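Enquirer: One structure coming up, written as structure tokens, with questions to follow.
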Number of protein chains: 2
Amino acid sequence: MAAEPDPVTELDFLSFVDHAVRRASAELPVVDPEAMRLVLTLSRTASALVYDLESSVHRPRGLSWAGFRLLFVLWLAGPAEPKRVAELSGMSRAAVSALVNTLSRAGLVAKAAAPSDRRSIRLALTDDGHSLITEAFAAHNQREQSWAAGLTEAESGTLIALLGKLMAGAGTAKRRT
Amino acid sequence: MAAEPDPVTELDFLSFVDHAVRRASAELPVVDPEAMRLVLTLSRTASALVYDLESSVHRPRGLSWAGFRLLFVLWLAGPAEPKRVAELSGMSRAAVSALVNTLSRAGLVAKAAAPSDRRSIRLALTDDGHSLITEAFAAHNQREQSWAAGLTEAESGTLIALLGKLMAGAGTAKRRT
DNA sequence: CGCCGTTAATCAAAGATTTGACTATCCTAC
DNA sequence: GTAGGATAGTCAAATCTTTGATTAACGGCG
């Protein structure tokens, strides 16, 4: 790690990817640069996207990213049990449980007895919750559109298809329980 | 060693995206379904990817995802100040500060006086830190390769290019300070 | 009918992350 | 040279998330 061949001082979050791939390949010949670049670009893009949506749309409305996802699932899947909400939103059951307490205290989500299993409960949006999620999602989608505007429709379709293929191909991908 | 494929959950997720897009479009005619599908697919794919890498590669080595990212940055950018590490790794300065304490206590990162600014410090990998990150990244990249294996080389290149374009087009994307 | 392994939700403790405040230092303009 | 604003790192409080344990309920099998 002697000399720096690159002007490391001027890198930002995105262009660091180029530097990192070159550097890592040089230090570890076993590295597959293409796979590395793919994962790095994907995770950084997603992270920037989520951060932007959360800070510009949801925080101002008093929702965390997780809170938004939970309301979103209840909105589009209808009333459901915590277990199913956890699966669909990608959270742990404990996280759902804690988050539901918060959202319930805020009057956005209601708990009721589950139809046929007394261990479980049924979660549903309140009227306030429904109002909030529809309004918030409208703004959310506005912002999504300004992101998507950087791509043509064809490109957007290709990107979605490739992400789907990536996801499907990764049969080993574990989800949380 | 428990890397069990869970196709049911993944399919559940994929079909939820379809369902969600249809449902949201029906309830809110103003919604752009293509932008919605793009963001949903992207964030969910990235989330599955990160979760898989973290749980299969880094947790077993005692590293959190954030801890890995910090070591990764120091490894490839060389010794740097916390401010720059925060920029390159996408964390807040406070998070870097806290994380460096942990990693420093674990003997992976060393703090030293910054060359020319007495407000700042210089962070660097220790020998142990260097050993750990190279070993961990080798395993990390192995796993990346098994994800990338689902795509052809051409598809992978296209995907990277489209993500880059998406990121570049979103000039309004805010980064954290 | 009752035993017992599963499954669901929740709780508790530990760890992380964020925002905002605070201290120390830098540096430009007077 | 020095006053004032800007900048770096850290701390504190509030939130969230995760893991593991706990309580309650289900359901198959003798």
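Nothing in this text is a laboratory measurement; each read-out follows from the coordinates by a stated rule. Nothing here was measured: the structure is a model prediction, and the numbers come from that model. Here Cβ is always computed from backbone atoms with ideal geometry, including for glycine, and neighbour counts include all displayed protein chains.
Enquirer: Amide H of A:Val109 versus every other amide H placed in the peptide plane: which residues, excluding those fewer than 5 positions away on the same chain, fall under 5 Å?
Expert: Under 5 Å from the amide H of A:Val109 lie the amide H atoms of A:Ser104, A:Thr126, each far enough along the sequence or on another chain.
Enquirer: Got the B:Arg105 label distances to the other copies yet, label 7 Å along Cα→Cβ, in nm, shortest first?
Expert: Those separations, rounded to one decimal, come out as 2.8 nm.
Enquirer: Right, here's the next one. Quick one: give the max-minus-min coordinate of the C-alpha atoms of the stretch A:44-127 along each principal axis, largest first, in Å.
Expert: 43, 24, 21
Enquirer: For the stretch A:17-70, divide the Cα radius of gyration by the Kirkwood radius and give the resulting Rg/Rh value with two decimals.
Expert: A ratio of 1.25.
Enquirer: Out of every Cα pair in the stretch B:69-173, what percent are spaced more than 24 Å from each other?
Expert: Percent of Cα pairs beyond 24 Å in the stretch B:69-173: 40.
Enquirer: Give me the net charge of B:Thr152's neighbourhood, meaning all other residues with Cβ under 12 Å from the Cβ of B:Thr152; Lys, Arg count +1, Asp, Glu -1.
Expert: Combined, the nearby Lys, Arg, Asp and Glu give -2.
Enquirer: In whole angstrom, how long is each semi-axis of the equivalent ellipsoid of the protein assembly as shown, when you take the square root of 5 times every eigenvalue of its Cα gyration tensor and sort them from largest down?
Expert: 36, 23, 21
Enquirer: Sticking with this structure for a sec: Please list, ordered by chain and number, the residues whose modelled amide H lies under 5 Å from the amide H of A:Arg122; skip anything fewer than 5 residues away on the same chain.
Expert: Distant-sequence amide H within range of A:Arg122: A:Ala112, A:Ala113, A:Ala114.
Enquirer: Still on this model: Can you check what the net charge comes to around B:Leu108, using other residues whose Cβ is under 14 Å from the Cβ of B:Leu108 (Lys, Arg +1; Asp, Glu -1)?
Expert: So the surrounding residues net to +1.
Enquirer: Tell me the distances, shortest first, between B:Asp117 and the same position across the other copies, using label points 7 Å along Cα→Cβ, in nm to one decimal.
Expert: List, nearest first: 5.5 nm.
Enquirer: Then there is this: Using the Cα gyration tensor of the stretch A:110-170, with a ≥ b ≥ c the square roots of its eigenvalues, what is the shape: rounded (a/c below 1.5), prolate (a/b larger than b/c) or oblate (neither)?
Expert: Taking the square roots of the gyration eigenvalues as a ≥ b ≥ c, the stretch A:110-170 is oblate.
Enquirer: Based on the Kirkwood radius over alpha-carbon pairs, what is the Stokes-Einstein translational diffusion coefficient of the stretch A:75-121 at 25 °C with 0.890 mPa s viscosity, in µm²/s?
Expert: Approximately 221 µm²/s, per Stokes-Einstein.
Enquirer: If you don't mind, another one. Rounded to two decimals, what is the ratio between the C-alpha radius of gyration of chain B and 2.2 N^0.38 Å?
Expert: 1.26
Enquirer: Sort A:26-32, A:87-93, A:39-45 by packing, meaning the average of other beta carbons within 10 Å per residue, with the highest value first.
Expert: Taking the mean over residues of other Cβ atoms within 10 Å, the ranking is A:39-45, A:87-93, A:26-32.
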